[in-house]
Amino acid sequence: MLRLFLNPASEGYLRGMAEEFHQSTNAIRVELNRFEEAGMLVSETRGNKKIYRANTAHPLYPDIRNILMKYVGLDQVLKEVIERIGRLEKVYLAGDYAVGKDSGIIDLIFVGKIDKSYLMKLIDRAEKMIHRKIRFLNYDEEEWKQNHRSVPDREKFLLLWEKE
């Protein structure tokens, strides 16, 4: 579920997911069929591959995504950080969790002018609460505009929060 529901832009096909998760194609197929029959996944055929992605129009999609955010612990991290960090503009999820892999290491990108020493204290506390390692990068807005465009795979970044 993490693979497809945490990042709405994420897609996958049967054999690719079987290899990625080290499971048999039959086990993956059964689960994909169940989710598609329930309307929670949509699929399309590209060449000889059936590509699956989360159905963001499904009425339960926001709830499932929120549950996954809580499972990973991102909801607590964001709440703590946003309230006290400084002039934060955006927060992105990167790395394994952005593509739906539960590796135990959360990679975050903060865009804005932040108090890094305070952020380190918050991260230390959050890691203890959620039992996961958190790594982060910080860019000011100009650096982010210049640097993120050079990354070839846009799925690497999942916008978690943006200043209104």
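The values are calculated or read from the model by the stated rules, or taken from the named source; none is laboratory data. No experiment lies behind these values; they were computed from the predicted model shown. So basically every Cβ, Gly included, is an ideal-geometry build from the backbone, and we count neighbours across all protein chains shown. To get the accessible areas, we keep the full protein, side chains included, count just its heavy atoms, and leave off ligands, DNA and RNA. Shrake-Rupley method; radii C 1.70, N 1.55, O 1.52, S 1.80 Å.
Would you mind telling me the share, in percent, of accessible area of segment 60-139 contributed by carbon and sulfur at probe 1.4 angstrom?
53 percent
Return the lysines within reach of K121: Cα separation strictly under 19 angstrom, same-chain partners fewer than 8 residues apart disregarded; answer none if there are no such residues.
K79, K113, K133
Let's test the formula: R0 of 35 Å, r as the Cβ-Cβ distance of Q146 and E36. What FRET efficiency results, to the nearest 0.05?
0.30
Would you tally the net charge around V42, using a Cβ to Cβ cut-off of less than 12 Å, leaving V42 out, and scoring K and R as +1, D and E as -1?
Around V42, the charge tally is -2.
For the chain, what does the helix formula give at 222 nm: sum of -39500 (n - 2.57) over DSSP H segments with n ≥ 4, over the residue count, nearest 500 deg cm²/dmol?
-12500 deg cm²/dmol
For F21 and L60, calculate 0.36 nm times their separation in residues minus their Cα-Cα distance, and state this gained length in nm to one decimal.
11.6 nm
Probe 1.4 Å, all protein chains in place: accessible area of I67 in Å², nearest 10?
Roughly 110 Å² of I67 is accessible to a 1.4 Å probe.
I want the antiparallel fraction of DSSP beta bridges within segment 90-164, as a percent rounded to 5.
Approximately 55 percent, going by the DSSP bridge assignments.
Per q in 0.13 1/Å, what log10 I(q)/I(0) does a Debye calculation on the alpha-carbon atoms of segment 83-147 return?
With no solvent term, the Cα-only Debye profile gives -0.37.
Can you give the Kirkwood hydrodynamic radius of the chain from its Cα pairs, in Å with one decimal?
Evaluated on the chain, it is 17.0 Å.
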